[in-house]
1. Out of ILE239, ILE326, which single residue is over 24 Å from the mean Cα position of the chain (by Cα), touching a residue at least 60 places away in the same chain (Cβ under 8 Å) and closer than 21 Å to GLY144 by Cβ?
2. Considering only segment 168-184, state which residues are in a loop (DSSP other than H, G, I, E, B) and not polar (S, T, N, Q).
3. Among THR16, THR75, which is the only one that is touching a residue at least 40 places away in the same chain (Cβ under 8 Å), in contact with a Leu (Cβ under 8 Å, 6 or more places away or on another chain) and hydroxyl-bearing (Ser, Thr, Tyr)?
4. Just the residues that are assigned to a loop (DSSP other than H, G, I, E, B) and either among the hydrophobic types (A, V, I, L, M, F, W, C) or crowded, with 24+ Cβ neighbours inside 10 Å (or both), please, taken from segment 320-346.
5. For segment 132-152, enumerate the residues that are among the polar types (S, T, N, Q), closer than 16 Å to VAL66 by Cα and under 21 Å from the mean Cα position of the chain (by Cα).
6. Taking the conditions exactly as written (under 26 Å from GLY268 (Cβ atoms), in a helix (DSSP H, G or I) and touching a His at 6+ places or on another chain (Cβ under 6 Å)), does ALA50 satisfy them or not?
7. Mind checking which residues of segment 516-530 are closer than 21 Å to GLY464 by Cβ and out of contact with any Gly (no Cβ under 6 Å at 6 or more places or on another chain)?
8. Could you check how many residues of segment 407-422 are buried (at least 23 other Cβ atoms within 10 Å of the Cβ) and touching a Ser or Thr at 6+ places or on another chain (Cβ under 6 Å)?
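The values are calculated or read from the model by the stated rules, or taken from the named source; none is laboratory data. Since this is a predicted model, take the numbers as computed values, not measurements. Cβ atoms come from the backbone with ideal geometry, glycine included; neighbour counts cover every protein chain shown.
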Amino acid sequence: MIETIHSPADIKGFDTAQLNALAAEIRRGLMNRLSRRGGHFGPNFGIVEATIALHYVFDSPKDKIVFDVSHQCYTHKILTGRAAAFFDDAHFGDVSGYTNPEESPHDFFNVGHTSTSVSLACGLAKSRDLKGESCNVIAVIGDGSLSGGEALEGLDYAAELGSNLIIVVNDNDMSIAENHGGLYRNLRELRESGGKAPCNLFRAMGLDYRFVADGNDPAALIEAFAAVKDTDRPTVVHIVTQKGKGYAPAETERESWHWHSPFDPETGQSPAQGGENYSALTCGFLLRKMKADRRVIAMAAAVPVNIGFTPEKRREAGAQFIDVGIAEEHAVAMASGIARGGGKPVFATHSSFFQRTYDQISQDLCINSSPATLLVNTASVFGMNDITHLGIFDIAMMSNIPNLVYLAPTNCEEYFAMLDWSIEQDRHPVAVRIPCGDVVHTDRPVDTDYSELNRYQVTQQGAGTAILALGNFFGIGEALARLIEEKTGTAPTLINPRYITGLDEPLLEQLKSGHSAVITLEDGILDGGFGEKIARYYGAAEMKVYNYGLKKEFLDRYAAEDVLRANHLTPEQIFSDIF
């Protein structure tokens, strides 16, 4: 059946039996790709029928469909000419895991962050109205995404738009983990009452409302979508779906199957991944701190497993663990409040998601010098590699906020020493870059007190050249130091800066004696980053400064080794550049 579908128009004559057969065939394609490549399993398996129904009723791309997060867009891609990327292993690389206008005219935005679809759709609808055009604009948003502030801002404005805007709320009673927040009580009331509960969040915001009890029934969905097609009012279609539908392990263990690594479809098991990882180690460390001090609170924003807090660990932590849902801005501001109230909050999320919190870090946290701890995860070229989830911008963003102490550990022992100090000190807001990649241990003594700010650590005293290797790139610095000594006969000075947010001016001044060149290495973009601060310090001096890091660009689905070579970040390339 898939071989006969080249565009959504090709399914419009299907009867109910054919649509159900199509859904089963699509799930086979999803299983083929996801079991081999990994990806967002639960969201894609749960929305198959709803996507088929949307394309059955509406006329994409004239009618514009915007998927929130777009981690559930695989069925949409299959129906819009990209089926080979799911059924033919050789074409897996043809598509990304998110909507992408470069792939198809049926995709309108490159989207990977949450809670944005209603706002984006409002913009498309407003533009349509101003131009006097006629089409449907549909925003598809999951119930988990409703906890994000922008989703509520979009819903608040949508009623004022006063024209065609259809908001499909895909309610599977789950975020990535369980939902958190008061609005989910109302969603439950609406589900249990068949959409007839007197309290209705959407009607209260001035939106028309329609309910579909079985959001995995193509016939019921087609009837609902046909009823609202060409509406002249902003309207919510609230559908109830089964996350992970069609695969028993994903239906049962919905959190762990939200995103899944490659697995055996017969057993649901992934290849064993042995060894330590920073997520589990961080969870263990924080649980020990919590048990020793009830003021210690771990916080997450819908991704609790990013620091190892599985359901079992969350139960163990009890009230000392907080998941705020998809609300990173709220998490930072709440952490500031907890710290001001005498608590010891630790908020952890991915580097890419901290981008949403710039204003709260600046205004609510740092202006008030609240001693909260931020753990910045997957902050590296070795982190997530989708264009929407890059972890390479945090150094430039966060290191330039006054009062914030941003630390870059180079190994496991240094990381936990910094984290422990941050939790126990009461003077500074502190962010710590969680090391990325394999767990690296050291037998060197590490400092336990970082209160004397901006003091770099000289790990090897040399001459001629000084290497300042920050955080994740310290290993490159070590390899470069060995290469320089091997090639020139003179060992360079190797420095672990530790502090991203300030300069060790006494040490930098000392380097003017006996050194003619300084090399900086940082695992982030160069523009506005750590190396530029060093170069500025030496601007009027004779010191030659070489900054190595990443070009300012949006990368997508890259191999880290390729990016390192493209930016001359191998020891051999750096040596060739300078010597």
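1. On the way: ILE326 fails: over 24 Å from the mean Cα position of the chain (by Cα).
It is ILE239.
2. ASP173, MET174, ILE176, ALA177, GLU178, HIS180, GLY181, GLY182 - these are the residues of segment 168-184 that are in a loop (DSSP other than H, G, I, E, B) and not polar (S, T, N, Q).
3. Answer to the selection: THR75.
4. Those that are assigned to a loop (DSSP other than H, G, I, E, B) and either among the hydrophobic types (A, V, I, L, M, F, W, C) or crowded, with 24+ Cβ neighbours inside 10 Å (or both): VAL324, GLY325, ILE326, ALA327.
5. SER145 - this is the single residue of segment 132-152 that is among the polar types (S, T, N, Q), closer than 16 Å to VAL66 by Cα and under 21 Å from the mean Cα position of the chain (by Cα).
6. Against the criterion (under 26 Å from GLY268 (Cβ atoms), in a helix (DSSP H, G or I) and touching a His at 6+ places or on another chain (Cβ under 6 Å)), ALA50 does not qualify.
7. Here is the first cut: in segment 516-530, the residues closer than 21 Å to GLY464 by Cβ are 516-521.
Scanning segment 516-530 gives SER516, ALA517, VAL518, ILE519.
8. Total satisfying the criteria: 1.
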